[in-house]
Amino acid sequence: MARPQSDTPLHQQLLDDPVALDAAYDKAAQEFIEVGRLEGHYDGWDESDLAWPGTSPGPYTEETLSQRLKLVRRIEGGIPSRRAERLTEAYQEFRDLESGYHEACRTYLQVKRWFVESGAGTAEDVLSLYQELYLKVIASGQLFSPDTGEEALGRAQVTHVPLSHARAVAEALADVAVSDDPRWDLPVRYGSETIAHETTLKDALQFVAQRTLAYIAAGGLLATRYNTYTNFAWFGCSLWRVLLEVDLVCHHLEAKGKARVVVKRIRSAFPLSKARMIEFVQAHREDPSKLRPEHYWYGSPYSYLTRDMIDEARRAIDLVNRLIRAYLPDREAIHQPEILSPDVSGPFTEYDHVGVYSDPPAKPSRTRRLISWGKRSWTLGRMKKKLDKSSLEGDALYKEAWSASQTWGSASVDVLGVDVDVKIDPEFGATADALGLGSDPSLKTLFLPTHQALLDHPVMFHVLRQPEVLEAMRWDEPQPCVILARTGLARHGVRIGSWSFTMFGMTSERFDDLQEQVDGFVMLDRGESASHTTTALAKALESRPGIIYPMGTTAAFPMQNFPLQNALFSHLPQDIVIIPVAFRGIHSIWPKCPKGNLAIRPGKVEAYFAPPMLGETTLMPRRRSLRVQSEAASLFQAVHISTLYYPNSGESKPPQP
């Protein structure tokens, strides 16, 4: 079912046509069941039992509702073990290739330096030669072969085979053949003083390309499996199961003639729940290789969609469980989906040593903490206004504004009772030295932090002034970066009639203006695609040392993880240095759900800095449709997955050294 061409969300359009809604719901349900069959969840079942009992001809019967629930429970119950097996397998391959990838990045830097210093050509020449080999290796088709599970899910259009888009484009390019440039045979030497390799330029660059693409393929597999088993199947089935259980309980209450008014009110919400479920499935089936996807699942509208699905499910569970206790005491209560619990166990869940404190300090109280935070935020607002009226311009203005924001960030985590630790990956230093971080002003850095909670901005401000980060980045002092920020981030405040002001002492609109004028941030209008602002973000790199691009949008539940919106990479300079950052444990401290949540709790966050990754070696060549960079987006998501979550099962989740 193609999404209608309209600015109106799909679920709203479906509500206008109840017949089309029921037909689309039944179709989506049967497709979901088919995915479960392909994945083996119904092994041993009779084929006739896998037909989804449709909405028509009605009316609903207990047998129909029970069969629906049985089908969905089967998938939900089998997902955790299947997810653990498939993710662990993909993760091991990804980690096995990680060190080789970073070694390849450093090799490229050595070869490029030698190439330029020896007079063989420019840095642009090296990149051009490398990309010829890069395309050739992609087109060879030997990097990734999908197994039976991947092929089955691919046929169901709920997942995408890693590197399939890049390979198809590379094979179609007329100039995929490697040129006969005589410099291919130039002798080069790379490695360390203790372990050196002597070979030709061609062999050295091919070594880099093969290791890089093997890592990208493995990252694509890890990200694809995470998206399939966590973001789609486990989450979707869990909330679907809640809807079906509520439906069955309402049926039993109607049969007993109990709580008629309440049941009618509950049932009135069913069409919206079904419409949202259809939109959820449809979003996951969209092709991520489009430069401007219509409604791909990692976008901001998807995040709000899943948040609303969660809020609605939790409200329904609370209400229906009260009815069960009052009128159906022999019936088991509806349990909350395990995937939404901060205590969910198993591999690729949150670390135990971070997150909300189980025994938070008694003083100061939550109210006092929020008041204290409000005072510091008001001070930041006054400082922004003062800077806006000052004579400062350009770098001087940005530096003062950045310092004020970092002071606010550190004060915020302090008064809110949030402890922040910084962990730098052991591979970071070697690549930083090879790059010349801190000594080469031409280098531009793209920080890619995870975006799990509403507290991410103050934590990022705080982290980028910490001694560990300054040392890792080879900075003498904090550097004023530019952030891609959505408008309305400060919209929660005091409302008087039609007028409102935020905790920064101004309207949300005024605060957005100051972030753009004083801080030099790039503002993204809420609800718009990030592709509208990526050109401005890339341009900011011409005068700023780095940019901060939070991945996707704020997560709606602890294990929801998004890839980056890949349109960004079509505008970035090819020699960008990319540093993924994972904020472990931050989601539970200030989650996005429920809507308008202001319950900020004391806890611990661990900011993990992955090693720098080279745009030159890693991003796809800018050839026609390769510019969408969906492969790069999957790779960086895989880095987040592997650093944000604890990869092994077991009761104890110790911190990483």
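Can you figure out the FRET efficiency of L392 with S118, using R₀ = 51 Å and their beta-carbon distance, to the nearest 0.05? All intermediate terms of the calculation are to be shown ahead of the outcome.
Details: r = 45 Å, r/R0 = 0.88.
Calculated transfer efficiency: 0.70.
The magnitude of the dipole of region 202-324, with charges of +1 and -1 set on the Cβ of Lys/Arg and Asp/Glu and taken from the Cα centre, is near 400 debye.
Each Lys and Arg Cβ is given +1 and each Asp and Glu Cβ -1; about its Cα centre, the chain then shows a dipole of about 2760 debye.
Only lysines eight or more places from K386 in sequence, or on another chain, were considered; those with a Cα closer than 25 Å are K375, K399.
If the chain between S140 and H335 were fully stretched, how many nm would it gain, using 0.36 nm times the residue separation less the Cα-Cα distance?
Working: separation 195, 0.36 × 195 = 70.20 nm, distance 4.97 nm.
Computed gain between S140 and H335 is 65.2 nm.
In summary, the lysines within cross-link reach of K274, defined as a Cα separation below 22 angstrom excluding same-chain residues under 8 places away, comprise K27, K70, K264, K595.
Pair-distance distribution of region 298-357: all C-alpha pairs, bin width 5 Å, starting at 0; shares per bin in whole percent are 4, 15, 16, 16, 19, 16, 8, 6, 1.
Shape call for the chain from the C-alpha gyration tensor, a ≥ b ≥ c root eigenvalues: rounded (a/c under 1.5), prolate (a/b greater than b/c) or oblate? Mind showing how you got there, number by number?
Working: a/c = 1.96, a/b = 1.30, b/c = 1.50.
Oblate is the answer for the chain, as a/c is 1.5 or above yet b/c matches or exceeds a/b.
For region 355-644, the Stokes-Einstein estimate of translational diffusion at 20 °C and a viscosity of 1.002 mPa s comes to 109 µm²/s, using the Kirkwood hydrodynamic radius over alpha-carbon pairs. If you take every residue apart from E312 with its C-beta less than 15 Å away from the C-beta of E312, what net charge results, scoring Lys and Arg +1 and Asp and Glu -1? Local net charge: +4. Along the positive direction of the dipole of the chain (beta-carbon charges: Lys, Arg +1; Asp, Glu -1; about the Cα centre), which of V261, F511, M559 reaches farthest? It is V261, whose Cα lies furthest towards the positive end.
Taking K112 as the anchor, which aspartates and glutamates have their alpha carbon closer than 16 Å to its alpha carbon, excluding any fewer than eight residues away along the same chain? Partners found: E103, E124, D125, E132, D185, E198, D203, D433, D440, D575, E616. Considering Cα pairs under 8 angstrom that are at least six residues apart, work out the relative contact order of region 355-644 and quote it in whole percent. Once divided by the residue count of region 355-644, the mean separation gives 27 percent. Applying a threshold of 24 Å to the alpha-carbon distances of K539/K592; K384/K423; K423/K444 flags K539/K592; K384/K423 as lying beyond it.
Around G121, what is the net charge, scoring Lys/Arg as +1 and Asp/Glu as -1 over all other residues with Cβ under 15 Å from its Cβ? All intermediate terms of the calculation are to be shown ahead of the outcome.
On the way: positive: K112, R113, R183, K202; negative: E117, E124, D125, E132, D181, D185, E616.
Value of the local net charge: -3.
The residue among P478, S358, P611 whose Cα reaches farthest toward the positive pole of the charge dipole of region 355-644, with charges on the beta-carbon of Lys, Arg, Asp and Glu, is S358. Positive-end ranking of A217, L635, F32 along the dipole of the chain, with charges on Cβ about the Cα centre, is headed by F32.
Per-residue packing, averaged as other Cβ atoms within 10 Å, sorts the ranges 232-238, 476-482 into the order 232-238, 476-482, beginning with the highest. Each of K604, K258 was scored by other Cβ atoms within 10 Å of its Cβ. Listed from fewest to most, they are K258, K604. Each label was represented as a point 7 Å from its Cα along the Cα-to-Cβ direction; for Q12 and D352 these points are 4.6 nm apart. Taking Cβ atoms as reference points and 12 Å as the exclusive limit, the residues near A275 contribute a net charge of -4, counting Lys and Arg as +1 and Asp and Glu as -1.
Quick one: K385, K539, fewest Cβ neighbours within 10 Å first, how do they rank? Kindly include the intermediate steps, with their values, before the conclusion.
Numbers: K385 16, K539 13.
Taking fewest neighbouring Cβ atoms as first place, the list is K539, K385.
Here region 221-259 is scanned for amide nitrogen atoms under 13 Å from the site 7 Å beyond the Cα of L328 along Cα-to-Cβ, giving 242-259. Here the extension length gained between S179 and Q30 equals 48.5 nm, from 0.36 nm per residue of separation less the Cα-Cα distance. Which FRET efficiency, nearest 0.05, do D318 and S345 yield, Cβ-Cβ r, R0 30 Å? Approximately 0.80, to the nearest 0.05. Using 0.36 nm per residue and subtracting the Cα-Cα separation, the extra length available between V19 and Y60 on full extension is 13.2 nm.
Each Cα pair under 8 Å and six or more residues apart adds its separation to the average, and for the chain the resulting relative contact order is 19 percent.
Compute the long axis of helix 123-139 from its Cα atoms, compare it with the longest principal axis of the Cα atoms of the chain, and write down the angle in degrees, 0 to 90, nearest 10. Its long axis makes an angle of about 40 degrees. Charge dipole of region 355-644 (Cα centre as origin; +1 on each Lys and Arg Cβ, -1 on each Asp and Glu Cβ, all else neutral): 1300 debye, rounded to the nearest 20.
Mind giving me the FRET efficiency for K363 and D46? R0 is 45 Å, r the Cβ-Cβ distance, nearest 0.05 is fine. All intermediate terms of the calculation are to be shown ahead of the outcome.
On the way: r = 62 Å, r/R0 = 1.39.
So, using R0 = 45 Å, E works out to roughly 0.10.
Each reported figure results from applying straightforward, stated rules to the coordinates on display, with no laboratory input. Just so it is clear, the model here is predicted, and its values are computed rather than measured. Ideal geometry is used to build each Cβ from the backbone, glycine not excepted, and the neighbour counts take in all protein chains shown.
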